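J.: Before we start, here is the structure in question, set down as structure tokens.
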Amino acid sequence: MNFREIIDGAVNGRRLQPDEAVMLIKEAGLLELGAAADAVCRKMHPGSVATFLIDRNINYTNICRNQCSFCAFYRTKGHPEAYVLNQEEIEKKILEAIELGGTQIMLQGGINPDLRIDYYTRMFSEIKKKFHVRIHSLSPPEIVYLSESSGLSVTDTLKELMRAGLDSLPGGGAEILSDRVRQEISPKKIFSLQWLDVMEEAQTLGLKTTATMMFGTVETIEERVLHLTKIRDLQDRTNGFLSFIPWTFQPRNTALGGRQLSSLEYLKTLSVSRMFLDNIRNIQGSWVTQGKDIGQLCLSFGANDLGSIMIEENVVRAAGVTHRITVDEMVALIQKAGKIPAQRDTEFSLLKVYET
């Protein structure tokens with residue numbers, strides 16, 4: 001079967017096989033992939049609405065024992081730039097976000113060996129006492145660390161955090177779900193099966209989650225598609241992923257270094273992700289790493305969502321990439337792409353539609 005037949009099959013609802021997805025990324029043209037991904041997206045999302053979120057990503061600490069080679073954000077304990085936010089600082093940031101229309105708070109940080117589960121349960125419970133906001137926070141590496149450091153199972157760790165106020169789990173720490181890749185770029189981090197197990201357990205307990213993929217480090221195209229396959233297989237079992245968010249490695253200021261992936265390669269992978277992940281409704285374009293212009297193009301290459309306006313973002317910024325956007329700019333960007341902008345919440349319920 002040639003790639004034209006594979007593309008036609010995907011547009012008509014036939015499930016892509018991994019070897020076919022590899023062929024598409026390697027051999028198909030960008031415009032062909034974009035048109036096919038857009039057709040699949042329009043079938044899933046008739047009406048031309050494209051969504052965004054107002055939230056704040058609060059990095060409560062940058063101290064991390066994992067010291068991943070692709071990360072420019074972490075600092076070692078004792079470093080002059082190392083920090084841990086206290087509750088008052090966190091709550092001030094949350095208040096600022098709410099005053100700007102934020103509906104979600106994402107709290108993520110490094111694996112700081114000085115922080116135990118009580119730091120997180122107190123943090124969440126105090127937030128819930130004072131604010132009406134969604135806590136979409138932590139990630140599988142943080143959950144595994146808290147499980148190990150507290151002597152609790154992953155299940156009981158999640159239950160403790162849920163009782164304190166955790167509402168949903170973001171997909172950080174996935175990178176590429178190939179242990180060959182992980183051993184090379186993040187040997188101290190959890191294995192791919194641990195990431196998947198945390199997500200499955202969270203979804204079984206009723207926590208909705210998101211899935212991510214950071215690509216452009218040392219992985220092959222086959223390993224990129226292996227990642228997509230593992231995500232799709234888990235979604236077949238649980239239907240617990242709200243969205244999929246692919247984004248590219250930013251090499252500046254990192255120990256890993258290397259060449260930044262081209263926007264063409266990003267858009268091809270985004271398009272194939274939309275076609276391959278037939279059981280995940282929402283695909284998010286990464287204007288944060290690609291910039292506003294490519295972010296806008298994402299809406300014609302399979303994405304139906306542009307994520308957050310990013311009131312605060314520190315991890316990508318540490319790699320020397322700083323893109324900022326206001327609500328008005330996001331609305332205009334979506335409109336110029338021929339879509340109807342809509343603000344959403346974490347679970348993709350529409351809060352405000354910006355009709356022209």
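J.: Checking understanding here: applying a Kyte-Doolittle mean of at least -1.0 and a length along the axis of at least 30 Å (C-alpha), which whole DSSP H helices in the chain pass?
T.: On the way: long enough: none.
Helix filter hits for the chain: none.
J.: Tell me, what ³J(HN,Hα) does each residue in the stretch 58-65 have, in order and in whole Hz, if you take phi through Karplus 6.51 cos²θ - 1.76 cosθ + 1.60 with θ = phi - 60° and put x for Gly and Pro?
T.: Result, ordered by residue: 9, 8, 6, 8, 10, 7, 8, 7 Hz.
J.: Turning to a different aspect of this structure: Excluding residues on the same chain fewer than 8 positions from Lys336, give the aspartates and glutamates whose Cα lies under 18 Å from its Cα.
T.: Asp38, Asp293, Asp305, Asp328, Glu355
J.: When the Cα centres of the stretch 45-121 and the stretch 206-271 are compared, how far apart do they sit, in Å?
T.: 20 Å
J.: Report, to two decimal places, the Cα Rg of the stretch 160-203 normalised by 2.2 N^0.38 Å (N = number of residues).
T.: For the stretch 160-203, the normalised Cα radius of gyration comes out at 1.33.
J.: Right, another one. Starting from the Cα gyration tensor of the stretch 58-135, multiply each eigenvalue by 5, take the square root, and state the resulting semi-axes largest first in whole Å.
T.: With the √(5λ) rule applied to the stretch 58-135, the semi-axes are 25, 14, 11 Å.
J.: Once the other residues with Cβ under 10 Å from the Cβ of His45 are scored (Lys, Arg +1; Asp, Glu -1), what is the net sum?
T.: Result for the neighbourhood of His45: +3.
J.: Once amide H atoms are built 1.01 Å from N in the peptide plane, which residues 5 or more positions from Ala337, or in another chain, come under 5 Å H to H?
T.: none
J.: Within a Cβ distance under 10 Å of Leu152, other residues only, what is the Lys/Arg minus Asp/Glu net charge?
T.: -2
J.: Could you sort out which of Lys77/Lys128; Lys128/Lys352; Lys92/Lys130; Lys93/Lys129 sit more than 18 Å apart by Cα distance in this structure?
T.: Among Lys77/Lys128; Lys128/Lys352; Lys92/Lys130; Lys93/Lys129, the Cα-Cα distance tops 18 Å for Lys77/Lys128; Lys128/Lys352.
J.: Continuing with the same structure: Considering amide H positions built from the backbone, and no H for Pro or chain starts, which residues 5 or more places from Ser308, or on another chain, come under 5 Å of its amide H?
T.: Leu53
J.: Still on this model: Over the stretch 158-260, what per residue volume does the convex hull of the Cα atoms give, in whole Å³? Please list the in-between numbers first.
T.: Working: hull volume 11.0 nm³, N = 103.
Once divided by residue count, the hull of the stretch 158-260 is 107 Å³.
J.: Between Gln17 and Leu100, what FRET efficiency follows from the Cβ-Cβ distance if R0 is 45 Å, with the result rounded to 0.05?
T.: Calculated transfer efficiency: 0.50.
J.: Calculate one ³J(HN,Hα) per residue across the stretch 296-301 by plugging θ = phi - 60° into the Karplus curve 6.51 cos²θ - 1.76 cosθ + 1.60, and present them in order as whole Hz with x for glycine and proline.
T.: Whole-Hz 3J(HN,Hα) from phi for the stretch 296-301: 5, 4, 3, 6, 10, 10.
J.: Right, another one. Shape call for the stretch 1-73 from the C-alpha gyration tensor, a ≥ b ≥ c root eigenvalues: rounded (a/c under 1.5), prolate (a/b greater than b/c) or oblate?
T.: oblate
J.: So how do 78-84, 21-27, 270-276, 57-63 stack up, highest first, on mean other-Cβ count within 10 Å?
T.: Going by the mean number of other Cβ atoms within 10 Å, highest first, we get 270-276, 57-63, 21-27, 78-84.
J.: Now a separate question. Could you name the aspartates and glutamates in cross-link range of Lys208, using Cα to Cα under 12 Å and dropping any fewer than eight places away on the same chain?
T.: Output for Lys208: Asp167, Glu200, Glu347.
J.: Of Thr209, Thr289, Thr269, which is the most mobile in a GNM of the chain whose springs link Cα atoms less than 10 angstrom apart?
T.: Top of the fluctuation ranking is Thr289.
J.: Find the cysteines in the chain that fail to meet the 4.7 Å Cβ criterion with every other cysteine, and list them.
T.: Cysteines lacking a close Cβ partner in the chain: Cys41, Cys64, Cys298.
Coordinate-derived values only; no laboratory data. Nothing here was measured: the structure is a model prediction, and the numbers come from that model. Reconstructed Cβ throughout: ideal geometry from the backbone, glycine too, with neighbour counts over all protein chains shown.
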